[in-house]
1. Any chance you could run the full-extension gain for Thr37 through Ser332? It's 0.36 nm times the residue separation minus the Cα-Cα distance, nm to one decimal.
2. Compare Tyr12, Tyr204 by solvent-accessible area with a 1.4 Å probe and give them largest first, with all protein chains kept in place.
3. For Val254 and Val319, FRET efficiency with R0 = 25 Å and r from the beta-carbon atoms, rounded to 0.05?
4. Using 0.36 nm per residue, how much length does the chain from Ala113 to Ile380 gain when fully extended, once their Cα-Cα distance is taken away?
5. Need one number: convex hull volume per residue for segment 273-376, Cα atoms only, in Å³.
6. So what does Lys112 come to for accessible area, using a 1.4 Å probe and Å² rounded to 10?
7. Using the Karplus curve 6.51 cos²θ - 1.76 cosθ + 1.60 with θ = phi - 60°, work out ³J(HN,Hα) for each residue of segment 252-258 in order, rounded to whole Hz, and write x for Gly and Pro.
8. Report the FRET efficiency, 1/(1 + (r/R0)^6), for Gln100 and Glu137, where r is their Cβ-Cβ distance and R0 is 30 Å, rounded to 0.05.
Amino acid sequence: MRNVWLIARREYLERIRSKAFVITTVLVPLVIAALVTVIIISSKSEAAGKHIAIASNDQAFAQAVQARMMHGKNKSQMRVDVYAPSTEEDKTRLEADLQQKKIEGILTLAVKAGTVQPVTKYESRDAADFVTTGIREDAVDRATTERELAGRGMSVTEVDTLLKNVHIETLQNKNGKVQKSSAAGTFWTAYLMAFLLSFSSVMYGMNVGRSVIEEKTSRIFEVMLATVRPEEMMAGKLIGVGAVGMTQLLIWIVGAALLLVSPIAVKAISGGLSIPISGLQVFLFCIYFLLGYLFNSVLSAALAASVSTEQELNQYWPVNVIPIWLSFGMLSYIITNPNSWISVAVSLFPATAPIVMFLRMGAQMPPAWQIIASVLLLVISIYFMIWIASRIYRVGILMYGKRATLPEIVRWLRYS
């Protein structure tokens, strides 16, 4: 056991003092914060600066659509010009402006007597101008409804009151206790934790594999094996690199906690932003990180022991990331059907359990027995993989010059 802790200490100190650790510890949160900021800013002003022209035979209706596009609930900050009633000369000039890139699109609205729905057409330079699609459709729909209701004798105030969006308060029933909840906040919190979980466990798992390759190519193994057993070396690497991961996560958690109590965060939260995260989720995050890390790192160590170069190890990268692709690929289904048999089965499957469990938590907290079952299955799978990996590791680390074939690996497993 002493040899295991000595190797773990060496692995830990070697990585904790490296520039890569400092850079990733600082850079990863900054990159995530920058991405979130860019997404928020772009979603709020995605149509800002767009210049669109409306050509219609009904001036009042065209102006209603213009008002909705510029100052409606979307607050798109678009520039919208109205040509109504439009003439053939107007249409010709607008077509020329569109070709000369003076405007982004032309929205044609033809209102016919005796019909409710106007005949609409939108022409743009882009093959797929999806940025303003929702804004245009919402503006035309609202203006059409306002016109029809006003035509049936309703006042402008009554129409605005009737079309005002209804706010629905979101509540969650937890074991008979009803409390306020934020569906979006709960989802994004679980999604972010699942992302960090997958990113950290896979990254540090591959670090174990690269460490094996580095020492294997430098022949350090041949010296170390004179005093320690291969199983002790593998255990020391797993503990040392895992401790580095936990240290980095602890730094991120402390940094996030300090940020949440800052004046800016307090003001944002008081303005309606909620971050629903419980102590149970933090505890489960640590548990699933450790198990997910062990699952990926044991697999990486076994793969690294069976190859001779880092390039060959990189070819096995999909083995680690395919479960992540599968988990996030089923995102929409898992969120909408968190208790279906498919979601439950995928959340119990060891390779996808850590990520899918947190995605399910974003919709509804899974039953306790499912969480316990997924943890137990992960532990059993890790034990089985350690049994296999230790035998591959024991022989593979001394093999140079070629990649092990499947029959050779099977023979290694038979060694006592």
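1. Extra length from Thr37 to Ser332 when fully extended: 103.9 nm.
2. Result, largest first: Tyr12, Tyr204.
3. Calculated value: 0.15.
4. Full extension of this stretch gives 88.8 nm more.
5. 120
6. Its heavy atoms expose roughly 120 Å² to the probe.
7. Values, residue by residue: 5, 5, 5, x, 5, 5, 5 Hz.
8. Calculated transfer efficiency: 0.65.
The values are calculated or read from the model by the stated rules, or taken from the named source; none is laboratory data. Owing to the predicted nature of the structure, the values given are computational and were not obtained by experimental measurement. Note that each Cβ is placed from the backbone with ideal geometry, even for glycine, and that neighbours are counted across all protein chains shown. Each accessible area value is taken on the protein alone, full model and side chains, heavy atoms only, with ligands, DNA and RNA left out. Shrake-Rupley method; radii C 1.70, N 1.55, O 1.52, S 1.80 Å.
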